[in-house]
1. Take every DSSP beta bridge with both residues inside the chain and express the antiparallel ones as a percent of the total, to the nearest 5.
2. What's the local net charge at R89, with K and R +1, D and E -1, over the other residues with C-beta under 14 Å away?
3. Grab the DSSP H runs of the chain that are 4 residues or longer, score each as -39,500 (n - 2.57), total them, divide by all residues and round the 222 nm result to the nearest 500 deg cm²/dmol.
4. Ignoring any ligand, DNA or RNA, what whole percent of the accessible area of the range 79-168 comes from carbon and sulfur when the probe is 1.4 angstrom?
5. Using modelled backbone amide H atoms (1.01 Å from N, in-plane), which distant-in-sequence or interchain residues come within less than 5 Å of E131's amide H?
6. Just to confirm, what accessible area per residue do you get for the range 70-134 at 1.4 Å probe, in whole Å²?
7. All other residues with a Cβ under 11 Å from the Cβ of Y40 taken together, and with Lys, Arg as +1 and Asp, Glu as -1, what is their net charge?
8. Can you work out the FRET efficiency for the pair E216 and K23, with r the C-beta to C-beta distance and R0 = 45 Å, to the nearest 0.05?
Amino acid sequence: MKIDAVTIFPEYFSPLKLSLLGKAQEAGLVEFGIHDLRSYATNVHNQVDDTPYGGGAGMVMMPEVWGQALDKLMEIDSDLIILTPAGKRFSQSMAAKFSTASHLVFACGRYEGIDDRVRQYYQSKNFRVHEVSIGDYVLGGGEVASLVMIEAITRLIPGVLGNPESLAQESHNEQDYLEYPNFTKPATWRDISVPEILLSGNHGEIAKWRAAQAVERGKSNL
Ligand code: JDN
């Protein structure tokens, strides 16, 4: 999979070289391309934003600059993802769908967002365009939201997680018990002992206990 992101702050994407995502890229399972929107600016001031038609506070990102950047990146099989607080809420099922795509292009707005004609234009050219939000809060721009999505999506690409067992377990967990408390050695720490059942070696009983714990945490749909 190829993942491109367009931003005025390319350095926000530095973490992509770390940990799981860095290894996934080194292994050739995913390729990240980070593009500086400002390099597509069309006037002498490298301007990327302008005042909103209709008035109001803040600035809006100019369509021509975005058009120049996206024309270069969008291919026949690309999905364009525009981060906006008004978008559809990102979820694990959305991550799973995007993990099967061949090319994702993340458009990271700043200020009051991107001139809506950019969305309209690429939609009218029959590209798949998705307006997405990661949650009900307002960030300074789409970069951090894109990072969240990229991590959630990339780890679902086959081969990215070392242990496929944890993915199988997790997809089960998506519908059932999402979360149970975890423990490692030592068996007693600061007078607090690990639940006996986890030391029993009885995997059936352990699974039952974990399911019950997840319910207790309010994380189960069972
Ligand atoms: O998802 B967000 O909170 C978000 C905020 C802004 C954005 C994109 C996404 N562009 C400008 C603000």
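1. Just about 15 percent of them are antiparallel.
2. Around R89, the surrounding residues sum to 0.
3. On the way: 7 runs with 72 residues, N = 222.
When only DSSP H runs of four or more count, the value is -9500 deg cm²/dmol.
4. 52 percent
5. Placed amide hydrogens put I82, K88 under 5 Å from E131.
6. Averaged over the residues of the range 70-134, the accessible area is 52 Å².
7. Every neighbour counted, the sum reads -1.
8. According to the calculation, E is roughly 0.80.
The values are calculated or read from the model by the stated rules, or taken from the named source; none is laboratory data. Please read these numbers as outputs of a predicted model, since none were measured by experiment. Backbone-built Cβ (ideal geometry, glycine too); neighbour counts: all protein chains shown. What goes into the accessible areas is simple: the full protein's heavy atoms, side chains included, and nothing from ligands, DNA or RNA. Shrake-Rupley method; radii C 1.70, N 1.55, O 1.52, S 1.80 Å.
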